[in-house]
1. Step by step: first the residues of segment B:285-301, then only those that are away from chain C (no Cβ under 11 Å) and open to solvent by less than 10 Å² (accessible area, probe 1.4 Å), then the one that is farthest from B:Leu155 (Cα to Cα). Which residue is that?
2. Being facing chain C (nearest Cβ under 8 Å) and open to solvent by less than 20 Å² (accessible area, probe 1.4 Å) is the filter here; which residues of segment B:48-70 pass it?
3. Considering only residues that are out of contact with any helix residue (DSSP H, G or I) (no Cβ under 7 Å at 6 or more places or on another chain), within 27 Å of B:Arg164 (Cα to Cα) and not in a helix (DSSP H, G or I), which ones fall in segment B:251-270?
4. Which ones in segment C:128-140 are within 11 Å of another protein chain (Cβ to nearest Cβ) and not in a loop (DSSP other than H, G, I, E, B)?
5. So A:Glu40 ticks every box in (1) without any contact (Cβ under 8 Å) to a residue 40 or more places away in the chain; (2) under 30 Å from A:Arg164 (Cβ atoms); (3) more than 14 Å from chain B (Cβ to nearest Cβ) but one. Which box is left unticked?
6. Out of all the residues in segment B:120-127, is one or more touching a His at 6+ places or on another chain (Cβ under 8 Å), farther than 20 Å from B:Ala60 by Cβ and not assigned by TED's automatic domain parsing to the domain that holds B:Ala49?
7. List the number of the failed condition for C:Ile102; all other conditions in (1) free of Cβ contacts under 8 Å to residues at least 60 places away in the same chain; (2) within 7 Å of another protein chain (Cβ to nearest Cβ) hold.
8. Checking the structure you have, find out if any residue of segment A:137-144 is under 18 Å from the mean Cα position of the chain (by Cα), open to solvent by 10 Å² or more (accessible area, probe 1.4 Å) and farther than 19 Å from A:Val58 by Cα.
Amino acid sequence: MSTHATAATRPPSLEQAGYLVSIDQVDASSGAAIFALADEMARNLYEPATRQLMADCVVALLFFEPSSRTILSFSAAAARLGAGVISHQAAETSSLAKGESIEDTVRVVGSYADVIVMRHNEEGSAARAAEACPVPLINGGDGGNEHPTQALIDLYTIRNRLGRLDGLRVGMGFDPRHSRAIRSLCRGLARHPGNEVTLVGPRQLWMAEDDVQDLRGRGLTVAQSEDVEALLHQDVAYVNRFQRERIAALPDGDALGRLYRLSAGNVRSSGLQLILDPLPRTHEIDQDVDGLPQAGYFEQVRNGVPIRMALLSMLGRRDTTTTDS
Amino acid sequence: MSTHATAATRPPSLEQAGYLVSIDQVDASSGAAIFALADEMARNLYEPATRQLMADCVVALLFFEPSSRTILSFSAAAARLGAGVISHQAAETSSLAKGESIEDTVRVVGSYADVIVMRHNEEGSAARAAEACPVPLINGGDGGNEHPTQALIDLYTIRNRLGRLDGLRVGMGFDPRHSRAIRSLCRGLARHPGNEVTLVGPRQLWMAEDDVQDLRGRGLTVAQSEDVEALLHQDVAYVNRFQRERIAALPDGDALGRLYRLSAGNVRSSGLQLILDPLPRTHEIDQDVDGLPQAGYFEQVRNGVPIRMALLSMLGRRDTTTTDS
Amino acid sequence: MSTHATAATRPPSLEQAGYLVSIDQVDASSGAAIFALADEMARNLYEPATRQLMADCVVALLFFEPSSRTILSFSAAAARLGAGVISHQAAETSSLAKGESIEDTVRVVGSYADVIVMRHNEEGSAARAAEACPVPLINGGDGGNEHPTQALIDLYTIRNRLGRLDGLRVGMGFDPRHSRAIRSLCRGLARHPGNEVTLVGPRQLWMAEDDVQDLRGRGLTVAQSEDVEALLHQDVAYVNRFQRERIAALPDGDALGRLYRLSAGNVRSSGLQLILDPLPRTHEIDQDVDGLPQAGYFEQVRNGVPIRMALLSMLGRRDTTTTDS
């Protein structure tokens, strides 16, 4: 599997592979299966049978990049399924490394656990690790490349709110260039017909032309705009903060932050039906938006647990013949 | 709720609020209920029914300040109740923050977990977080302000050893100024009639005059003294180490440390019935005190688990109609 | 118990002591009992009865030195036994310390948990801690001194593969001087008759003469060699990387690393029956060795879980009258 998968080099499907490294592995049909299982997880979150589903499993969380939301959300998902959790969180220079290859690392951890969730700062590391790993592996983010579980949460929230995943106009901003969440979501939307994406942000944060061409090659209609107004004429606004930790220089960042944001005023006069944000939120959404019916970002974060329960359970359970809870 | 609650600005009771941010929320009657439940937890610590009490719950430990005892004690309490535990430990500058407000943080984590225990370096942060949090929140220490679960452990240990919480003479030292444990314990003692507190330590570590006045306003008799002997003429000695990490300058710290300490010699010739220490212990208690009948500090640390089990269970359980274990 | 136990100063047996600080506590007979229990654990890893064995227990992992494999392996073992896990990982200068003695630390943590696994950078700290600890303690590595659970994993893997633990020729390299794993394994092999050890590595990494004499005093035949070929004329090769974090100066480390390694070529032409490595692997084994029948290091890492389950269960379970799973 190539590091930068393109439309032409599709990785194996989720079912074939037994691991999840890219949203490209999830077509409309396997997406629907994941969402149906997530519905079931959400409905039975507190049922005793749910916490028996993975009671004989150990889930390893292997995070080589700082994380908090993703690791907490996966930990909660594993706990709700009754699994034991073992976790390692450290910068890549840490003890686990000591010069060891990523392949050896997952071989070792895969001999303790029944499924591994891995975050790594290196693009393509998830695919390499998944191939070597003796147990199923889920990509929790590999550098600027992919964040497939976030994309599934985003798609699930859109489906739940708007009832469909096709024929949508989705505005995304304000830092499309540095967001693996936006990259993965665009690829996911490309799997459904008739979707149009408008990327909005300061020109230096626009998506690289190669990436835009790749998305168009997948059948997605893509435009870019500097105008925050462009975001308001969509069905869905998917906004994120400027990823300052990845932006070499954004000299007028504070001024731009004041410009590129949604407020109750401009949301009320817009045609928006839904506002999402992968969080954390800083400048990009005013607090007075939280009370509007379009605000979907706290529902989105809540959806992280059933989606990750569905994925852990589909990939990590030992006996898939008794999946009925 | 004001950051520095005073006698005049009482926060809502534990039962009303559904969260615990201040010892001021616990009057004598709700204190007695907590202690009765802790008795039950201690008695049934290893009973299978006990680890069913929160088997359907996830407890989030959100520690933005270094901690070890408190987080280990809450982890153990949650495990004994059968709950899943998800935890985040980091300085405030960490990834979870990334400029996010404390309100957003607890909204996010409160969508993964059923109850949150939070420690934060900012005074008043617990009250702000509890108001925004979609699930019950327990204050595990907010800066120099409050540490209500520690105060409950201290009161519980006094009750168990001496059979009462009123009419007590309690000496506290040797760093009353920087101890949120002492502040919270004084407020707790003020809820019971006839208690007299003598604060003992080097003059630069005396409690601020405003704080002393506030305690007097609550009905507590308070004196301060530089003389370590003053501690020996009490019923209870509650001692702590100099909190050097919070003391800007204590030039003669080592010499003062040798002066301000309890030894088997002076304890034996005292009228003390009980010695407590929130630990860690450094200079303030000689090891030869450990074998004396007055030494209560290891019992005190052990009491942390049942008290925290009682609090997690009172505030965090989903179904309070089936509390009988 | 002295810090550097010698043949002359044997510590109490595992059964007598109720803790495990040194491989010297494990004679051939108690080793066999541990291995039999580990066999049972491996066989019943996914049985519901297995995760009831310690369902009423809390296991504390107290790691004052960086660790990843050992803590993940113990976490998995505890989870498989159904135990709750509380863990503290930090350099010794951390908050848990704050000047506290190791004895106080284990008294505190031992009042939360039913068994403690401790790693500490100070030689002999495990023995001191075990004496003060109110609950059983397992040494997860104390400085350069001992790593008894690793030695048991190594012996178990040799037993499983070769069917015996006596009359073996074992080559060990390439950093015998700095390896507590090699030290503990040698002591373990000395408990069985007829074993011969050949230590191989650059002269500056040879084992100190005192340590060699001690091993000979225990009945082990010990030779040292600079010649990597010496490793190939053995039954078992136990190799480790240069422990660069403990080596003050190894100026030609990279060149030596290329010299001191096993490749498929030299393994195929050797008399070796088994190759072990405590991992992580860097220079010492080429990847093309992984597919050879002699490669036992990933089986070795997998054996960590049942061995640690056996130890936790033997030492930490509350009721040993119902051990049958």
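The values are calculated or read from the model by the stated rules, or taken from the named source; none is laboratory data. Because the structure is predicted, anything quoted here is derived from the model rather than measured. Note that we place each Cβ from the backbone using ideal geometry, even for glycine, and neighbour counts take in every protein chain shown. Note: areas computed on protein heavy atoms with side chains; ligands, DNA, RNA excluded. Shrake-Rupley method; radii C 1.70, N 1.55, O 1.52, S 1.80 Å.
1. Within segment B:285-301, the subset away from chain C (no Cβ under 11 Å) is B:286, B:288-289, B:291-296.
With the extra rule that they be open to solvent by less than 10 Å² (accessible area, probe 1.4 Å), the set shrinks to B:289, B:296.
Numbers: B:Val289: 21, B:Gly296: 12 Å.
Selected residue: B:Val289.
2. B:Ser67, B:Ser68
3. Within segment B:251-270, B:Arg261, B:Ser269, B:Ser270 meet the criteria.
4. From segment C:128-140, those within 11 Å of another protein chain (Cβ to nearest Cβ) are C:132, C:134; that's our starting set.
Matches in segment C:128-140: C:Ala132 only.
5. (1)
6. No, segment B:120-127 has no match at all.
7. (2)
8. Yes, segment A:137-144 contains at least one residue that is under 18 Å from the mean Cα position of the chain (by Cα), open to solvent by 10 Å² or more (accessible area, probe 1.4 Å) and farther than 19 Å from A:Val58 by Cα.
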